[in-house]
Every structure is written in structure tokens, then in C-alpha cells.
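Undergrad: Quick one: the structure is below, questions incoming.
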Amino acid sequence: MHVLQPKWRTALTRARQERASGGTGKAVTLAIVGLLFWAAVFGVLFRVLRYFRDVREIGALLAGKLLSLTLLSFVSVLLLSNVITALSSFFLAKDLDLLVSSPVDQARIYLAKLGETLLHSSWMVALMAVPIFTAYAVVYHGGLLFPLVAAGSFLPFLVLPAVLGSAATLILVNVFPARRTRDLLSIIALAAAAGVILLFRIIRPEQLARPEGFRNLLDFITVLRAPASPLLPSDWVTKAVMGYLGGKMDWLPLYLLWSTAGAALVLGAWLHGRLYHTGFTRAQEGAERFVRGGVWGRALGNLLKPLGAARREFILKDLKLFFRDTTQWSQLILLGALLLVYVFNIRALPLFRGEQVPFYLVSVVSFLNLGLAGFVLASIAARFIFPAVSLEGRQMWLLRSSPLELRALLWSKYWVGTIPLLVLALAITILTNVILKATPFMMAVGVGTIILLTLAISALALAFGALYPQFETENAAQIPTSFGGLVFMMATVALLAVVIVIESAPVYRYLHAAVNQEPLTISPLMVGAFLLVIAVCVTATVVPLRIALRRIEQFEF
Amino acid sequence: MIRLEDLTKDYGSFRAVDHVTLHVPRGALYGFLGPNGAGKTTTLRMIAGILRPTTGRVLIGGDDVIAQPLAAKARLGFIPDRPFVYEKLTGAEFLRFVAGLYGQDGQLVERRVDELMEIFELSAWKNELVESYSHGMRQKLIISSALIHRPEVIVVDEPMVGLDPRAARLLKDLFRGFVSRGGTVLMSTHTLEIAEALCDRIAIIQGGKIVAAGTMAELRTQTASGDIGLEDLFLRLTGGAAAKELAAVLEDGR
């Protein structure tokens, strides 16, 4: 605990300062959003589990399978998260020089850093588990002792990925120098993408959704009974929890969890003792010397000549930094995987199987798809545009002491983020509408709206990034998970809701006319609604950009 | 060339700079001295336009840094005490980028980049990422970046930190040469020997206030100190008691 004292004392002081500087609003917002999220997870799971409970014979099996699958997805998230967190806490953290040079036992450093890694990488999963276990407890009448059983099985479940993740990082750092994280994170990102695909294969969710696809009930039950793997801790937690809830407490899974966690800790400490010193030494060397992007830089430099020296150099600098920073560009790999899943899901919609689906259903899906596409774009903007201002923090001395107009800085940041986002937005909207065989009207509405939304989403991301800057964060990937990132996502969801509600009126008119085979007349209501959407999106673009500019002007370093 | 008029900076209830008025004439190498936390860096950052004064104003070549920032900053080269630069740019790219901020590009800039990297012995590292530079190399790169657009004024905060003796000597020669060609340098430093040997005029700040300013001879007259060196003068003006107490504590610890 003593080793971690500076960390938690810093956290406490920061919380106290937040409170003193009127941060109560922030805490209340976070609490409300958190509670709403908990309530939503609990509500959905409660309904599902109640339905399962009433299914005779296989109800408990279904509930157990659901828990097992949820925990399995937790394992993969935790493993990945621990690998990434361990890299910074064990090898790149600022307190390491002091710790390593102090007469502190290796095992103590290991345990302290493991605890730090576990806390940073697992808190979200732990919070997520609360409404899940609560729903199981309520539906299956867990009783007063259930929290003990749940916590008793979940704690070692969290320890295992932390030990494995940090051990994996330890080995990787011994192979690749930590500061050359390009190789390391490429591996991690690819492993994550592969993990997602693998998980999909293991789960085979489509089979569970269609029991009629099985030859007989026996096959279906066999699949339900079969554990994802009897060696996975997620299965042990499921057995312990479901056994207790079913009235037949099985102690073996608990023994397995605790003994494996204990053994993993001992092995992890041993491995740390063997490899940490060489890994830490390697982490100090190996800054990257290979420079990429020379040819592209020159070509783009010529293309951007008309913008003038300041803006051109600024844009080129931003692009170079992005593609040379592994923590930033590696996110593109995951993004690609997610987009594939997105388009795949649209393709997999049961709209064109068998009988003719009414065209209005396709149109409604195409219209609502706008909201989903907008949300995907918001998540991408949170990853890539929201951190833009924060990333300039340490170099702001240079920008502020130079005669660069802050308007030009903002302009460059805005378009560097918006143009790729716009290309992506158009690609997914057109592609999904083509897959859905949407009508030209719906295609036009979709394309027009997504252009306006993208311009607004980029501006909101930049503005909230300037309002809630994270100048001290060294890892760009951590910036979107801040409070400002949450507020940005909330604001964007609100914008999407407003736009969809306004546009639903003319879209309804169009569908009504088409279904009744009447000619479509352009009414003042339709024109007014589209004009209102334009006004809302333009306002959501211009006002945030102005606020961002004013905020950047006020920054002091 | 640099004029500070009644300059004040508050951080909440703490006053870091307290009604400072100072004139740095064109062609002068002006030393800005003071103990830790006296307000040196805050003053220099206000001159560079990084911090906004609470009251008062800064004029560079007659242009107000807040009211006419572009004109004022175009004359200025600022060298901060901590060399934060873009880690993922090469040294040459960084210099090109800075030149771009001042609206300069093309062959002239390329020649200037080569020239400066040659002077500071960074040519071999020209196309290496800054993340592989040592602290001293980064400091040299930042000094080069402050010179890339041929400024009229250089404002520099602790220039010698991290520099090897060769580079420190080079920088001293460079500043003297710059001043002899009509340039102006305002330099904060803790190395009093350098200030004494290099500066035409010196200002000493303590508790956010200028406690003395002028040539060495004027400072001696102001403090009625006779023929003493800058170090004794500095300790007399800023209170040397702390140093004596520290020595006593160290003695006790034995």
C-alpha cells in the first residue's frame, strides 16, 4: 500500500479540489448517467431472465449460458485492457524511476503495480457486473448471502486476467522495447480484432436465437449444456453463481478460482522477478528512429500549397503525428473491425429472406439507421477529434508564442478530423442504403442528413475537447474516456434524437404517400422540417466552434 | 524594444507578478534574475503571449502583445525552460513547422534549417525523430526554432539548462553576435557568472516585484554595495539568510 500511497493521495486531493472548485455538478452528472446505465442493464436483463425462468426444463440452462457468455466477453475485454494498462503502469509510468531506484522488494513493486493495473483496467467491468448480478439475485431469489458468493467468485475472476495480461506485457516488452510500442500495440490491436471474431465464433449467438435451427431439442440442450471451455474462469464463476442460485452450492469452482488466482499470482511474481529488470531496461531505450511518411508528406505538401505556409504545415504536422503515434493509428484497426460488424449486421437483417418485405419497413430501417450511423460517427469523433486540442497541450507554448492565428489552428484541426469522417459517413450511409435497397428519396435524405450531422459532430467533438482538455495525459487513447468524452457523447445523442424526431415528419409523409400509392406532394411542412434540420445542424456546428475558439484563447500554460 | 507597463499577474488569490514596469532597449542583452518562484517565468511567458496579464501590458517593438498579437509575436523568438516538442516529428520537420507558423517556407527555410542544425551540431540527427534526442539536443533544437524566422527579439528562460559546455559557449557567442547586429535578448538565468559576464543590464525580481534594475555599476550604486560581484549583490537583494540556514541544517545533520 505504501508504494501506491502517492497515487491514491493524489486521487484524493484531486477529488477534494474538484469539490472545492464546484465539481459537484460533474459528480452529479456522472452519478445520474451511471445510475441510468445500471437501471437500463438491470431492466433488460431482468426481463430476459424472468422470461428464461418461466421456460420449463431449459430456463436455468439459458440463464447460465447467458451469464457464461457475458463473463467470457468480460475475460477478453479484461485481458486486452490489462495488457495495455500494464504497459504504462509497469514500464512507462513516471513513478518507476523512483520505485526501481528505491530499496523496495521486487515482489512489493509487483503487487503494487498489479493492483494499480487491476484497478485501472477492471473498474468498468466491475461496475458493469453489479446490475448483472443484481438481476440474477432478484429473479432467482439469491438472498442475503448472494452478494458474498458473487463477490467471492468475481474477485479472483478479475485477478486472473490482470496477472495474465501483465505477464503477457512483461514478455512482449522483453521481446520489443516498450517505447517502440508500435510493434507491441499492433500485436495487441490485431489480437483484439482477432479476439472479437473468435468470440463471435465461440458464442455462435445466431444458433441460440433460433432454436428451430437445431435438429431436435436434445441438440439445443447439448449446446446449452456445453461450457465454452471447462478451463475458463468465466465458466467457474457461472457454475458457482448458478449452483448457489439453483440451491445446490458447488464449492469446487470457488476452490478452482481462488487456487488458480493464488497460483497465478505466485507465478506472475516469479516471472516478474526473472524478467522485469531486463524489460524495464529495454523500456528506457529504443526510441523510434525509422521515420515514415516522407513521400506522402511531400505529395500532400504540394497539394496543400494554396492554403499558405502556416495552415499547410499545421495540417501536415497533425497527419504525421497521427500516423506515427501507435496509440492513435492502431485504433483504426479496431475501428475497421467494428465497421465490418456494422455493415455485416445490416446485411444480416432478416429483411430479404423468403417473402417480400414491405418497402416501408426497409425505409424505416434505412431512416433509423441514420441514428445508428450518427452514433458510430460520434464514437469515432470521440476517438480521433475530441483529443485534438488536448494533444497540443505541452506544445501550446510554441503555438501561443508564434503569430499563428488560433482561428487557423482550429480550422486545421476541424478539417483534418472532418474530411475523413465525412468520407466514412458517406461510405457507410450509401453502402447500407444500397444493401437495404432504399428508394432514391430515402437515399437523398440519408446522405444529406449524414453530411450535416458529420459537420456538427466534428464541431461538437472539437468544442468539448477544448472545454474539457486533458493536457497531462500522455496516451491519446485515454482522453475520450474522460468526463468530457461522456458529455460529448451525451450532447451528440441529443442532437441525433432532435434531428431524427424533426425528420420523422416528412419521412412519414413520404411513406404514407408511397404506401397509398399517392403522388408525393412537397408540402410546407416537409420543406420546413428539412430547413429546421439544416438550421439545427448549422447551429450545432458554428456555435461549438466559436465556443472552442474562445476557450482556446483563454488557455494559460 | 520590450516594454512592460505596470504588468500584474494573479493566480487566484496569489499574485505572481506585481506591477512590474521594465524597459529593455534595442540592442541590449538584458539579464532577468531572481530566486525560485520570484515571477521570472510568469513574466517571460506574458511577454511571449502565452499568459494573459491580469492588468498592465506588454509592448514588443511598439506592438501590444494582446491587442496586436500577430505583429508583436512575428518579431519574437521564445525559448522556454522546458523543451516540450512534438516527439514524432524529425528535427528538420519541427524547424520547418515552426517556420511555417511564421508564414515562411521554401528554399530559404531549407537553407536556414541546414545552417542552424549545422551550427548546433544536429546535422547527423536532422532526419531522426525528436523522441530519440537527449535533453540537451532538444534544448538546441528549441533554440534553433526560436532563430529560424530571424527574430528581432529573443526571450529566453534558463537557456543553459541541459547544454554541454561547448553548446553553452556557442549560445553565449550567438547571443552576443545577435545583440551586436541590433537584436535584443531578454534572458532569465540562475547562472550568475554568465549573467555578469554576458549581460549589459540586469533586473532582479523578487516576490513578483522588480527590486533592482540597471547596469552592474548602477546596481552597486543602488544598493550602496561597493565593488562586489553579482552573486553577493543578488544575495544581498534577495536575502542570503536562507543559504546560511541551509548550511546550518546540513552541519547539524552530520
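The values are calculated or read from the model by the stated rules, or taken from the named source; none is laboratory data. Keep in mind that what you see is a predicted model, and the values were worked out from it rather than measured. Reconstructed Cβ throughout: ideal geometry from the backbone, glycine too, with neighbour counts over all protein chains shown.
Undergrad: Taking the range A:298-320 only, how many residues are out of contact with any Ser or Thr (no Cβ under 8 Å at 6 or more places or on another chain) and within 8 Å of chain B (Cβ to nearest Cβ)?
TA: Qualifying residue count, the range A:298-320: 8.
Undergrad: Out of A:THR454, A:THR473, I need the residue that is in contact (Cβ under 8 Å) with a residue 12 or more places away in the chain, hydroxyl-bearing (Ser, Thr, Tyr) and over 25 Å from A:ASN82 (Cβ atoms). Which one?
TA: Answer to the selection: A:THR454.
Undergrad: Does at least one position in the range A:527-543 carry a residue that is in the same structural domain as A:GLY448 (by TED's automatic domain parsing), touching a Phe, Trp or Tyr at 6+ places or on another chain (Cβ under 8 Å), part of a helix (DSSP H, G or I) and not acidic (Asp, Glu)?
TA: Scanning the range A:527-543 turns up no residue that is in the same structural domain as A:GLY448 (by TED's automatic domain parsing), touching a Phe, Trp or Tyr at 6+ places or on another chain (Cβ under 8 Å), part of a helix (DSSP H, G or I) and not acidic (Asp, Glu).
Undergrad: Another question, then. Quickly run through the range B:1-35 and pick out the residues that are part of a loop (DSSP other than H, G, I, E, B) and touching a residue at least 24 places away in the same chain (Cβ under 8 Å).
TA: Within the range B:1-35, B:MET1, B:PRO25, B:ARG26, B:GLY27, B:ALA28, B:GLY34, B:PRO35 meet the criteria.
Undergrad: Hey, can you tell me all the residues within the range A:63-101 that are over 30 Å from A:ILE171 (Cα atoms) and buried (at least 21 other Cβ atoms within 10 Å of the Cβ)?
TA: A:ALA63, A:GLY64, A:LYS65, A:LEU67
Undergrad: Just checking, which of B:PRO165, B:PRO159 is away from chain A (no Cβ under 14 Å) and surrounded by 22 or more Cβ atoms within 10 Å (Cβ to Cβ)?
TA: From the options B:PRO165, B:PRO159, the qualifying one is B:PRO159.
Undergrad: Right, here's the next one. Could you please let me know if B:ALA92 is within 14 Å of chain A (Cβ to nearest Cβ) and modelled with pLDDT of 90 or more?
TA: Yes.
Undergrad: Are any residues in the range B:98-127 aromatic (Phe, Trp, Tyr) and touching a residue at least 40 places away in the same chain (Cβ under 8 Å), and if so, which ones?
TA: Scanning the range B:98-127 gives B:TYR102, B:PHE120.
Undergrad: Being within 14 Å of chain B (Cβ to nearest Cβ) and either modelled with pLDDT of 90 or more or in contact with a helix residue (DSSP H, G or I) (Cβ under 9 Å, 6 or more places away or on another chain) (or both) is true for just one of A:LEU391, A:LEU424, A:LEU410, A:LEU377. Which residue is that?
TA: The conditions single out A:LEU391.
Undergrad: If I ask for residues that are of a type in the set (S, T, N, Q) and buried (at least 24 other Cβ atoms within 10 Å of the Cβ), which ones from the range A:456-514 would you list?
TA: Within the range A:456-514, A:SER458, A:THR492 meet the criteria.
Undergrad: Could I ask something else about it? Return the only residue of A:LEU218, A:LEU257 being modelled with pLDDT under 80 and either part of a helix (DSSP H, G or I) or crowded, with 18+ Cβ neighbours inside 10 Å (or both).
TA: A:LEU218
Undergrad: Being surrounded by fewer than 18 Cβ atoms within 10 Å (Cβ to Cβ) and either among the small types (Gly, Ala, Ser) or not in a helix (DSSP H, G or I) (or both) is true for just one of A:ALA107, A:ALA112, A:ALA129, A:ALA137. Which residue is that?
TA: After ruling out the rest, the residue left standing is A:ALA107.
Undergrad: Another question, then. Listed residues B:TYR86, B:TYR133; which is more than 28 Å from B:VAL24 (Cβ to Cβ), crowded, with 16+ Cβ neighbours inside 10 Å, at the interface with chain A (Cβ under 7 Å from one of its Cβ atoms) and not β-branched (Val, Ile, Thr)?
TA: None of the other options fit; the residue is B:TYR86.
Undergrad: Would you check which residues across the range B:137-188 are under 17 Å from B:ARG75 (Cβ atoms) and acidic (Asp, Glu) and list them?
TA: Selection gives B:GLU152 alone.
Undergrad: Which numbered condition trips up A:THR418, out of (1) crowded, with 24+ Cβ neighbours inside 10 Å; (2) away from chain B (no Cβ under 14 Å); (3) hydroxyl-bearing (Ser, Thr, Tyr)?
TA: Status for A:THR418: all satisfied but (1).
Undergrad: Sort through A:GLY262, A:GLY273, A:GLY268 and tell me the only one that's modelled with pLDDT of 85 or more, crowded, with 19+ Cβ neighbours inside 10 Å and over 28 Å from the mean Cα position of the chain (by Cα).
TA: The match here is A:GLY268.
Undergrad: Sticking with this structure for a sec: Go through the range B:108-118 and give me each residue that's over 23 Å from the mean Cα position of the chain (by Cα) and either within 13 Å of chain A (Cβ to nearest Cβ) or buried (at least 18 other Cβ atoms within 10 Å of the Cβ) (or both).
TA: B:LEU108, B:VAL109, B:GLU110
Undergrad: Acidic (Asp, Glu) and either at pLDDT 90 or above or part of a helix (DSSP H, G or I) (or both) - does that describe any residue in the range A:495-516?
TA: Taking every residue of the range A:495-516 in turn, at least one turns out to be acidic (Asp, Glu) and either at pLDDT 90 or above or part of a helix (DSSP H, G or I) (or both).
Undergrad: Tell me the residue from A:SER401, A:SER482 that is within 14 Å of chain B (Cβ to nearest Cβ) and among the small types (Gly, Ala, Ser), please.
TA: A:SER401
Undergrad: Then there's this: Suppose we filter the range A:276-285 for residues that are hydroxyl-bearing (Ser, Thr, Tyr) and surrounded by fewer than 15 Cβ atoms within 10 Å (Cβ to Cβ); how many remain?
TA: So the answer is 2.
Undergrad: In addition: When you scan the range A:526-535, do you find a residue that is in contact with a helix residue (DSSP H, G or I) (Cβ under 7 Å, 6 or more places away or on another chain), away from chain B (no Cβ under 14 Å) and over 13 Å from A:VAL499 (Cβ atoms), even just one?
TA: yes
Undergrad: Of the residues A:GLY25, A:GLY34, A:GLY64, which single one is in a helix (DSSP H, G or I), more than 26 Å from A:PRO161 (Cβ to Cβ) and out of contact with any Leu (no Cβ under 7 Å at 6 or more places or on another chain)?
TA: Unique residue meeting the criteria: A:GLY25.
Undergrad: Would you confirm, using the coordinates I've provided, whether A:THR521 is outside any helix (DSSP H, G or I) and surrounded by 13 or more Cβ atoms within 10 Å (Cβ to Cβ)?
TA: Judged against the criteria, A:THR521 is not a match.
Undergrad: Out of A:PHE91, A:PHE42, A:PHE46, A:PHE74, which single residue is within 21 Å of A:GLN284 (Cα to Cα) and in contact (Cβ under 8 Å) with a residue 60 or more places away in the chain?
TA: Going through A:PHE91, A:PHE42, A:PHE46, A:PHE74 in turn, the sole match is A:PHE91.
Undergrad: Please work out which residue is farthest from A:LEU316 (Cα to Cα), limiting yourself to the range B:46-79 and to residues that are touching a Lys or Arg at 6+ places or on another chain (Cβ under 8 Å) and facing another protein chain (nearest Cβ under 7 Å).
TA: Among those residues, the one meeting the criterion is B:LEU51.
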